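Okay, so here's the structure we're looking at.
The values are calculated or read from the model by the stated rules, or taken from the named source; none is laboratory data. Keep in mind the model is a prediction, meaning the values are calculated, not measured. Virtual Cβ from ideal backbone geometry, glycine too; neighbours counted across all protein chains shown. Please note that ligands, DNA and RNA were not included when accessible areas were found on the heavy atoms of the full protein model with its side chains. Shrake-Rupley method; radii C 1.70, N 1.55, O 1.52, S 1.80 Å.
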Amino acid sequence: MWRLILDNTTLRLQYLEAMGIDVWLPRASAHSEQALSSETVTANAEPETTPATDNWDVLQTEVASCTKCTLCKTRTQTVFGSGNKQADWMLVGEAPGQHEDEQGLPFVGNAGLLLTEMLRAIGMTREEVFITNILKCRPPNNRDPHANEVESCNDYLQRQQKLIQPKIILAIGRIAAQTLLKTDKPLARLRGKVHTFNNTPVVVVYHPAYLLRSLSEKRKAWLDLQLAMQTVKDNEG
Ligand code: URA
């Protein structure tokens, strides 16, 4: 079904319009409309576990054969992540869903389509950024990740970040935000601020699956993306 949708330009434009985004052209006034705090919140980083010899091949092979938690028994395949391994932007979602588990790629369902359009709205493509998830395996029936699963996968995410060295991390949705920032604060309290994860700025955005259900939050999603863009710009000096 989603393959058909991917080619449907009209629907794509409708998504953007539903988000309150003027198609293709970010508004010049968007920054001045933004009433977001630039307060910086620092999360405690996990100890570094990256082996001295770490590289993408080693890491990818480890993830593909991972049996650290029971999700390995129910997955079709692992979902390592995709995109530019030297990206300025690293996007971190929650966990693969059914389509991602089938295809081995992150964000390929309807939420992924909207994520692609959100990126396009800020002038970026999926190929330019690196997209991954907190969990590399699909939880059965898309349930929330369990603490031991997050813990098992944590090392992989840390190593991905270290190899990429992104200028910004977008935490996509509540679970990704709470996990990266080691907090149980609701997403509404985490968005609109610049946090850090291993010294990299983190901006929290609404999950596109949530936006598909709650289009009333569309404007906030746009502001979150603007905050992320502004943060990268500011840090470039
Ligand atoms: N939702 C996520 O958080 N990640 C995916 O890869 C797909 C849907």
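If the condition is being open to solvent by 20 Å² or more (accessible area, probe 1.4 Å) and either part of a loop (DSSP other than H, G, I, E, B) or without any contact (Cβ under 8 Å) to a residue 60 or more places away in the chain (or both), then segment 188-198 contributes Ala188, Arg189, Arg191, Lys193, Asn198.
All of (1) within 13 Å of the ligand (Cβ to nearest atom); (2) in contact with a Lys or Arg (Cβ under 8 Å, 6 or more places away or on another chain) hold for Glu117 with one exception: (1).
Restricted to segment 120-151, and to residues there that are modelled with pLDDT of 95 or more and small (Gly, Ala, Ser), the residue that is farthest from the ligand (Cβ to nearest atom) is Gly123. Of the residues making up segment 147-164, none is assigned to a loop (DSSP other than H, G, I, E, B) and surrounded by fewer than 21 Cβ atoms within 10 Å (Cβ to Cβ). Within segment 202-229, the residues that satisfy the criterion of being in contact (Cβ under 8 Å) with a residue 60 or more places away in the chain, more than 16 Å from the ligand (Cβ to nearest atom) and not polar (S, T, N, Q) are Leu215, Lys218, Arg219, Trp222, Leu223, Leu225, Leu227, Ala228, Met229. Among the residues of segment 82-112, those identified as within 9 Å of the ligand (Cβ to nearest atom), at pLDDT 95 or above and part of a loop (DSSP other than H, G, I, E, B) are Glu94, Ala95, Pro96, Gly97, Leu105, Pro106, Phe107, Val108.
Kindly provide the set of residues from segment 131-144 that are under 16 Å from Thr67 (Cα atoms) and of a type outside the set (A, V, I, L, M, F, W, C), ordered by number. Answer for segment 131-144, where residues must be under 16 Å from Thr67 (Cα atoms) and of a type outside the set (A, V, I, L, M, F, W, C): Lys136, Arg138, Pro139, Pro140.
Scanning segment 65-81 for residues that are away from the ligand (no atom under 16 Å from the Cβ) and open to solvent by less than 60 Å² (accessible area, probe 1.4 Å) returns Cys66, Cys69, Cys72. Selection of first residues in segment 77-102 that are more than 17 Å from Ala176 (Cβ to Cβ) and of second residues that are basic (Lys, Arg) and open to solvent by 60 Å² or more (accessible area, probe 1.4 Å), restricted to Cβ pairs under 9 Å at least 6 apart or on distinct chains, gives the following pairs, ordered by first then second residue: Asp88/Lys167. For Asn141, indicate whether it is farther than 27 Å from Asn110 by Cα, part of a helix (DSSP H, G or I) and of a type outside the set (D, E, K, R). Here the answer is no, as Asn141 does not meet what is asked. Residues that are under 16 Å from the mean Cα position of the chain (by Cα) and open to solvent by 30 Å² or more (accessible area, probe 1.4 Å) within segment 199-208 comprise just one, His207.
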